[in-house]
Amino acid sequence: MSFTGVLTALVTPLGEGGREVDMVALGELCERQIAAGVHGLIPCGTTGESPTLSTAEQVAVVRKVVAVANKRVPVLAGAGSSSTAHAVELARAAREAGADGVLAVTPYYNRPTQAGLEAHFRAIASEGELPVVLYNVPGRTGVDLLPATVAALAREPRIVAIKEATGSIGRAQQLLQAAPGFTVLSGDDVTMLALWAVGARGVISVLSNPAPRETVTLWDHVQAGRWAEARALNLRLQPLCDALFAESNPIPVKFAMSLLGQARLEYRLPLTHPSAKVQDQLGDALKGLGLL
């Protein structure tokens, strides 16, 4: 299974004051994403507020996305946890729900050594029995998955890619050198064009929630070698990228989706509504792209 191109890290629409997942809105979101041409869907990542979803809710969300996708695009289910045993449990549940692979973030807060990280991901791959996409985002987790460790993990047949979210072009190049042929995906919308230029093969995107067609068009420009058009579109998308990360993700993107009428403005604590300044920034950015 190939995980390349534009893969959307889906928000999780909520209802009933945030107490329940809005499955109708989730299904509609998936249909809009597929119609816009995205190359994959990612339920229950951190953009989908997975830290506040129960295991049962995560399974239900993955099942819904798998059913709606109906093999039209691959489904990469979030299976991240600070506990290896729980991550394996989530991976197994994702397999049973029909997912095509799992996205596994580095264990946050407990900050394992590189040996611990390697053992963690090997366990998910071996016991979960699905393709695994590594996720390195040290700014959020407090631990960095180093290129040498990625190179070692890349030799495991079920470990197929990495979501690279250090924000460093240099790091992406180090990964491409350390593990030739291994799939590197941008984990930051703001750096995706630059990472594609050095050899990354796609993006796991927050931006593509409110702007799926535009994000896919950017990818298509690059694949066709239309670099002038890609640079111009990337600059047009920059204000929305900035707004989406002006406060902790997924606070801004949930607000953006509510402005577009695609999800209710409901979160689970400890997430709360964005500031008035960020609300205005998001509204202006969406209007600037003709989305609102």
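The values are calculated or read from the model by the stated rules, or taken from the named source; none is laboratory data. Nothing here was measured: the structure is a model prediction, and the numbers come from that model. Note: ideal-geometry Cβ built from the backbone for every residue, glycine included; neighbour counts use all protein chains shown.
Name the one entry in T46, T12 that is among the hydroxyl-bearing types (S, T, Y) and either within 18 Å of V203 (Cβ to Cβ) or modelled with pLDDT under 95 (or both).
Working: T12 fails: either within 18 Å of V203 (Cβ to Cβ) or modelled with pLDDT under 95 (or both).
Every option except T46 fails the conditions.
Give me the residue from the range 232-248 that is of a type outside the set (A, V, I, L, M, F, W, C) and surrounded by fewer than 18 Cβ atoms within 10 Å (Cβ to Cβ) and, out of that set, nearest to A25 (Cα to Cα). Let's see the steps before the verdict.
If we filter the range 232-248 for residues that are of a type outside the set (A, V, I, L, M, F, W, C), which is where we start, we get 234, 236, 238-239, 242, 247-248.
Pick out the ones that are also surrounded by fewer than 18 Cβ atoms within 10 Å (Cβ to Cβ) and you get 236, 238-239, 242, 248.
Numbers: R236: 28, Q238: 27, P239: 26, D242: 26, S248: 23 Å.
Only one residue tops the list, namely S248.
Take the conditions buried (at least 20 other Cβ atoms within 10 Å of the Cβ), without any contact (Cβ under 8 Å) to a residue 40 or more places away in the chain, within 18 Å of the chain's Cα centre (by Cα) and closer than 23 Å to V38 by Cβ and apply them to L195. Does it pass? Let's see the steps before the verdict.
Details: buried (at least 20 other Cβ atoms within 10 Å of the Cβ): yes; without any contact (Cβ under 8 Å) to a residue 40 or more places away in the chain: yes; within 18 Å of the chain's Cα centre (by Cα): yes; closer than 23 Å to V38 by Cβ: yes.
Yes, satisfied.
Residues of the range 196-224 that are among the small types (G, A, S) and farther than 23 Å from S258 by Cα: A197, G199, A200, G202, A224.
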